[in-house]
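To keep things clear, I will list the structure first and then write my remarks on it.
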Amino acid sequence: MSGNIEDKPQPLIEHLMELRTRLIWSIGAFFVAFIVCFVFAKHLFNALVFPYKWAVIWAHLDVNKAQLIYTAPQEFFFTQVKVAMFGGLVIAFPIIAAQLYKFVAPGLYKNERAAFLPFLIASPILFLMGASLVYFFFTPMVMWFFLTMQQAPGEGDVAISLLPKVSEYLSLIMTLVFSFGLVFQLPVITTLLARVGLLTSQWLVEKRKFAIVLAFIVAAVLTPPDPMSQIGLALPTILLYEISIYAARLVERQRARQALEESAGSTDVANKDND
């Protein structure tokens, strides 16, 4: 085994014990974060309702009359449980990611650890960017679209009002957050694949047409069945695909530069030997 790897040969049982320790730390962090979030679940849910209030204002409606309902006695309780799980996962993610890195890092070469760590940092940042886009822009826009479909009472018309259920609203915003968060991981994934040589920027360029079609298909699967949600996810996906092409080109240039430096170093060593 190369000296660049800090890990020493260990029996399987020791690796399993190490894995158990990392899992205990990860589950413990999630459980503590879940308890804290459950205590403040109503406050967290009220924070998630802000995009709906903004949509009501955009629709020129009375924000004081905006309300959410629940139709089953246990519905709001389980909604708070889901909010606490969602918040607990977000809060505990840095600890979970750190435990994952500590488990795999001893088996990596130093250059592999140096390459892996930036992606470990970039991944949550990109996820938060996608979640912020959902929270501050996309969810208010979608809810505004649905609110404009209401019908005021009139001659021969009945009143048709939007009364969202707490569970369905939470499911909508969580689905959008996870969908956009996962899509925003595209540059990280493609850059990693480019670093290990599994794809190239030229291949990404050649598959651009298929990627555009696939972006709309994935958007149709991950988002609610309305055109605004699907287009709103497909367009950022296509933009991120273009960013991924640029990131892959940067990786290729860096690899070519390193190869040139290694070649120049080898030539200098050979010349010294000849002298």
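The values are calculated or read from the model by the stated rules, or taken from the named source; none is laboratory data. Worth saying up front: this structure is predicted, and the values here are computed from it rather than measured. Quick reminder, even Gly has a Cβ in these numbers, built from the backbone with ideal geometry, and neighbours come from all protein chains shown.
Quick check, is LEU233 surrounded by 16 or more Cβ atoms within 10 Å (Cβ to Cβ) and farther than 24 Å from PHE50 by Cβ? Lay out the reasoning, then the answer.
Numbers: surrounded by 16 or more Cβ atoms within 10 Å (Cβ to Cβ): yes; farther than 24 Å from PHE50 by Cβ: no.
No.
For the stretch 121-132, state whether one or more residues are over 30 Å from TRP58 (Cα atoms), loosely packed, with under 14 Cβ neighbours inside 10 Å and not hydrophobic (A, V, I, L, M, F, W, C).
No; the residues of the stretch 121-132 include none that is over 30 Å from TRP58 (Cα atoms), loosely packed, with under 14 Cβ neighbours inside 10 Å and not hydrophobic (A, V, I, L, M, F, W, C).
I want to confirm something. Restricting to the stretch 120-153 and keeping residues that are under 24 Å from TYR241 (Cα atoms) and aromatic (Phe, Trp, Tyr), which single residue is nearest to the chain's Cα centre (by Cα)?
Taking the candidates together, the pick is PHE127.
If the Cβ limit is 6 Å and pairs must be 6+ apart or interchain, which residue in the stretch 115-130 that is closer than 14 Å to VAL90 by Cα pairs with which residue that is in a helix (DSSP H, G or I) and not aliphatic (A, V, I, L, M)?
Taking only residues 6 or more apart or on different chains, the pairs are PHE127/GLY181; GLY130/PHE180; GLY130/GLY181.
Kindly provide the set of residues from the stretch 35-51 that are closer than 23 Å to PRO140 by Cβ and within 23 Å of the chain's Cα centre (by Cα), ordered by number.
Correct list: ALA41, LEU44, PHE45, ASN46, ALA47, LEU48, VAL49, PHE50, PRO51.
Listed residues GLY197, GLY181; which is at positive phi and among the small types (Gly, Ala, Ser)?
So the residue among GLY197, GLY181 that is at positive phi and among the small types (Gly, Ala, Ser) is GLY197.
Restricting the search to the stretch 202-228, which residues are modelled with pLDDT under 85 and in a helix (DSSP H, G or I)?
VAL218, ALA219, ALA220, VAL221, LEU222, PRO227, MET228
So PRO118 passes all but one of these: (1) within 29 Å of TYR169 (Cβ to Cβ); (2) out of contact with any Ser or Thr (no Cβ under 9 Å at 6 or more places or on another chain). Which condition number does it fail?
(1)
Identify all residues within the stretch 63-89 that are over 16 Å from VAL49 (Cα atoms), free of Cβ contacts under 8 Å to residues at least 24 places away in the same chain and aliphatic (A, V, I, L, M); write none if there are none.
Within the stretch 63-89, ALA72 is the sole residue that qualifies.
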